[in-house]
Amino acid sequence: MFSHIKWVTLRATFMAQRDGKLPPYLGSTVRGLLGHSLRNMVCPTPKVKCFTCELAATCDYANYFVSPKNAAGSINPFVLHVLTKGKTTWHKGDICEFDITLLGDPARSGVTLITQAIQQIENLGWGAARIPFKLIKITDPTTNRIVWCENHLWLKNAQLHELHCEEQSTSFVFLHFPAPLRLHKSKKLLTAPSFEDIVRAITRRISLISHAYAGYKLEWDNEAMLSEARKVSVVNSEWEQATFKRYSMNQKNNTLEVDTITGWACFEGDITPFTPLLEAGRLLHIGRNPTHGFGYYTINYL
């Protein structure tokens, strides 16, 4: 299922060049670095906001970080996953790794561009402390092949995949959300999402990405699917709510605060038909701010 969606993942490995402090969750920091790097590379009108820029429709920065006028609104063609988390004190020589997964048509054309943007991050300081980091390598974590190292580039080693998700027979699933999660219903944050809430979020995201970046309209009975999802019960769960703060140049004080949750839940019932959706959501992330790494989760079946 969902083989119309193409994807490729690049893993960047950086090394701190001096001591300093960084936020415990680096998704927004990394996204900001990538955005600044790409904008410095391609934007001819840096003082003009993307939504008002006449060049936005053909601008690589706008299409990756703003997505003006596309069929899915603000859905961007990539997700982030920072492997290094919970670390606030950094010393010279410490390693930070993150994955960026390109989705849909941009997965074919964006590898060169994003690889260049990752390289340019070396010229930017990380966080408020402006800690310099050195790029050690870029790899494809699905094949463990090197894409960039020591100023040499092997783009052929970045493997393009189809989002092919097989059904798995199970009546029990454990979902763990270690990164911040923002699922909303009636404009309110869900602090203990049900299986139906998670399935709804996945189907919405797959539909939007399919439309915007694969030119594909999915035909499925969403109401019937959600009706079956309601029959799946929560066996146990533990969620923690926290306010996440990040820099935003669009806010008056340059700080944006959003409520998020992290945690896990065990679900039991007729889960087999939903396993392709769960597998797709693991790659695509769910909820708001997936380009900050939000909505990432892991899966364990019985």
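The values are calculated or read from the model by the stated rules, or taken from the named source; none is laboratory data. Note that the structure is predicted; figures quoted are calculated from it, not measured. Here the Cβ positions follow ideal geometry from the backbone for every residue, glycine too, while neighbour counts run over all protein chains shown. Quick note on the areas: whole protein, heavy atoms, side chains included, nothing else; ligands and nucleic acids left out. Shrake-Rupley method; radii C 1.70, N 1.55, O 1.52, S 1.80 Å.
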Kyte-Doolittle mean at least 0.0 and Cα axial length at least 15 Å: DSSP H helices in the chain: 27-42, 106-120, 195-214
Estimated FRET transfer efficiency when R0 is 45 angstrom, pair residue 184-residue 124 (beta carbons, to 0.05): 0.90
Accessible area per residue, Å², the chain with all protein chains present, probe 1.4 Å: 50 Å²
Using a Förster distance of 35 Å, the FRET efficiency for residue 87-residue 172 (Cβ separation, nearest 0.05): 0.60
Loop-located GluC sites (Glu not before Pro) in segment 202-302 whose Cβ has at most 12 other Cβ within 10 Å (DSSP): 219
Placed amide H near residue 82: partners under 5 Å, 5+ positions off or other chain: 99
Inter-label distance for residue 108 and residue 4, nm, one decimal - labels placed 7 Å from Cα along Cα-to-Cβ: 1.5 nm
Eligible lysines near residue 134 by straight Cα distance, threshold 16 Å, same-chain separation 8 or greater: 92
Relative contact order [Cα under 8 Å, 6+ residues apart], the chain, whole percent: 26 percent
With every protein chain in place, the chain: carbon and sulfur % of accessible area (1.4 Å): 48 percent
Value of [θ]222 nm, deg cm²/dmol, for the chain, DSSP H segments ≥ 4, -39500 (n - 2.57) each, nearest 500: -8000 deg cm²/dmol
Centre separation in Å (Cα based) which lies between segment 72-150 and segment 158-212: 23 Å
Hypothetical label at residue 300: residues of segment 228-242 whose amide nitrogen lies under 18 Å (7 Å Cα-Cβ projection): 234-240
Pair residue 204, residue 219: separation of 7 Å Cα→Cβ label points (nm): 2.5 nm
